[in-house]
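These notes concern the structure reproduced below.
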Amino acid sequence: MNEVANNKGNQKQLPRKFVRYKEGAEMYGMGLSKFQEIAKEAHATYKLNQLILVNTEILDEYLELYRE
């Protein structure tokens, strides 16, 4: 459920399920090319014409496999 709550001008955004490469790289604190590589390895990418989106839920599950 991706909703934006308005509380007297304060906006609180909940985590988004789908993000673009640039947004995801910033979100996960890594470089753009590394984020693209990991997203593809996780099979978390969706291509809609020229637009590529990354499912953050799938990516999170994939990253948990490498937890130390």
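One table, with the values for the structure above:
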item: For the stretch 17-64: rounded, prolate or oblate by the Cα gyration tensor [a/c cutoff 1.5]; result: oblate
item: Fully extended contour minus Cα-Cα distance, from Q50 to E68, at 0.36 nm per residue; result: 2.9 nm
item: Residue-count net charge about Y62 - beta-carbon cut-off 14 Å; Lys, Arg +1, Asp, Glu -1; result: -3
item: Estimated vicinal HN-Hα couplings, Hz - the stretch 30-40 in sequence order (Karplus 6.51, -1.76, 1.60; Gly, Pro = x); result: 9, x, 4, 5, 5, 4, 4, 4, 5, 4, 5
item: Potential lengthening between E37 and R16 on full extension [0.36 nm per residue; Cα-Cα distance subtracted]; result: 5.6 nm
item: The stretch 28-68: chymotrypsin sites (Phe, Trp or Tyr not before Pro) falling in loop per DSSP and having at most 16 other Cβ within 10 Å; result: Y66
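A short reminder: the numbers here are calculations on the coordinates, not readings from a lab. Please read all numbers here as calculations on a predicted model, not as lab measurements. Glycine gets a Cβ as well: all are built from the backbone with ideal geometry, and neighbour counts include every protein chain shown.
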